[in-house]
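Worksheet: the structure to be examined is printed underneath.
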Amino acid sequence: MHNRIHVLDFLRGIAVLGILIINIESFAYSAPFNPYLYGYFSEFDTTVRFAIYWLAQGKFFALFLILFGISFYLMLEKSSEKAFLEKTPLEKNSPMLFYSIYTRRLFFLFLIGTAHCYLIWSGDILHHYAICALLLLATRSFSQRALILFSLVLVSILLFNASQQALNRSSLEHAYQVAKATPSAERTTKMERQITSWERRLSKRSAERFATKQDAHQGSYLDLLTYRWNEIKIYRGELFFKSIVFDSLLLMTIGVVLFRSGIFTDYRQLPYYWTITFSLVLLGLITGYDKYTWWSFNYLNPITSVYQQSIMKLAPYIQGVSYLLLLNGCYQRFHWLKRLTLLNQVGKMALSSYIFQSIVAGIIFYGYGFGLHNQISRSNLLFWIAGIWLLNGIFCYLWLRYFKQGPLEYWWRRWSYPQPEKAHLG
């Protein structure tokens with residue numbers, strides 16, 4: 001059996017706590033990513049929101065996905081090992097049990113995510129992870145060099161899509177300018193539509209647009225279930241988020257590449273580790289600053305530059321990788337970090353913690369609980385985040401005093417592996 005790598009628990013703990021910083025906005029506000037609606041009671045709220053997005057938005061999502069990629073790799077190894085141990089000597093080389101175990105794990109992760117999505121919070125990502133990990137199964141036999149090449153192909157796809165978005169906006173802007181410069185009497189119906197469409201992009205959205213969502217989140221639990229049933233399309237075959245599928249595959253692949261490099265047992269396995277790490281930290285902060293300055297203060301100005309759109313696509317992922325390298329190196333270099341065992345406990349119960357945070361946030365913000373939806377400022381939201389972190393830590397500490405693993409981790413593992421048949425008394 002593989003020895004537990006404690007730095008991965010440490011990193012998962014930080015990732016699952018960090019991802020709450022952004023996820024909580026989906027509980028607290030009807031338009032969480034909007035830079036002017038809901039929660040902006042003063043200029044300070046705008047500043048806080050900018051700082052949070054610069055340092056957290058997309059970074060812990062990236063960190064979480066990288067770590068899931070590592071979990072994917074370990075899951076493959078453990079499933080293969082489990083399959084080998086379970087078979088008879090003549091059947092040990094058969095791959096069928098291995099695939100059965102692995103796909104069962106992903107199937108039940110998908111079910112857990114789907115239940116989370118419909119019953120607790122519509123922003124669930126677990127069902128998406130399960131599908132992406134199934135797609136990534138094809139890379140199991142890839143060499144390290146092939147995985148790096150596969151990563152570069154995925155980066156190329158992301159950059160191509162980003163450039164197409166920018167060029168499409170540039171084309172729409174040009175069409176708008178031509179239509180606008182045409183005298184009103186000479187404009188065609190198409191020109192009028194082009195003007196209306198582009199000007200709609202430049203105008204602020206009204207809170208009335210989110211009235212249905214607000215009513216559902218401030219209403220009863222049944223109201224919320226009804227709203228989710230109409231909005232979430234998993235039962236209609238939308239099993240993953242198409243807009244981020246290549247992003248997810250890229251980050252998971254990066255996780256496998258980094259794990260194979262050996263840096264989680266000894267960061268010095270990577271030459272010039274600290275030079276690479278601090279270079280990525282600096283690059284991530286610079287590109288992230290540009291992205292979130294636009295997102296916070298220039299949101300209504302569509303991006304038509306291919307270069308800027310490409311930078312904005314990769315910025316949070318660069319920061320996410322830099323966070324992972326920085327935290328991994330510090331954990332191994334500074335022994336006092338190993339005494340922060342509560343973070344490791346949260347990481348050991350990452351799945352249970354993720355769902356626990358959603359349950360608590362739902363009680364705080366939705367109508368069936370305290371009903372604080374759209375009532376909290378962006379700056380005061382930080383105190384609620386700290387409170388949920390505290391509850392999450394207490395939950396993990398108390399649970400692991402009596403059990404070896406979290407409740408969902410236990411049942412996920414139990415459902416995933418075939419159970420031995422009970423002997424019949426005859």
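The values are calculated or read from the model by the stated rules, or taken from the named source; none is laboratory data. Just so it is clear, the structure is predicted and the values come from calculations on it, not from any experiment. Using ideal geometry, Cβ is built from the backbone for each residue, glycine included, and neighbour counts are taken over all protein chains shown.
Only residues that are of a type in the set (Ser, Thr, Tyr), touching a residue at least 40 places away in the same chain (Cβ under 8 Å) and part of a helix (DSSP H, G or I): list them for the range 113-156, please.
Hits for the range 113-156 are Thr114, Tyr118, Tyr129, Thr139, Ser151.
Taking the condition loosely packed, with under 12 Cβ neighbours inside 10 Å and of a type outside the set (Lys, Arg), does Ala138 pass?
yes
Somewhere in the range 154-163, is a residue under 32 Å from the mean Cα position of the chain (by Cα), among the hydroxyl-bearing types (Ser, Thr, Tyr) and loosely packed, with under 13 Cβ neighbours inside 10 Å?
Yes, the range 154-163 contains a residue that is under 32 Å from the mean Cα position of the chain (by Cα), among the hydroxyl-bearing types (Ser, Thr, Tyr) and loosely packed, with under 13 Cβ neighbours inside 10 Å.
How about the range 26-39: which of its residues are assigned to a helix (DSSP H, G or I) and surrounded by fewer than 23 Cβ atoms within 10 Å (Cβ to Cβ)?
Ser26 - this is the single residue of the range 26-39 that is assigned to a helix (DSSP H, G or I) and surrounded by fewer than 23 Cβ atoms within 10 Å (Cβ to Cβ).
Kindly indicate whether any position in the range 206-218 is exposed (fewer than 11 other Cβ atoms within 10 Å of the Cβ) and more than 30 Å from His6 (Cα to Cα).
Yes - at least one qualifying residue is present in the range 206-218.
Evaluate the following for Arg228: is it touching a Ser or Thr at 6+ places or on another chain (Cβ under 9 Å) and assigned to a helix (DSSP H, G or I)?
Answer is yes for this residue.
Might you check whether a residue that is modelled with pLDDT of 95 or more, more than 24 Å from Val245 (Cα to Cα) and not in a helix (DSSP H, G or I) occurs anywhere in the range 340-359?
Yes.
Any residue that is in contact with a helix residue (DSSP H, G or I) (Cβ under 8 Å, 6 or more places away or on another chain), of a type outside the set (A, V, I, L, M, F, W, C) and surrounded by fewer than 15 Cβ atoms within 10 Å (Cβ to Cβ) - is there at least one of those in the range 321-335?
yes
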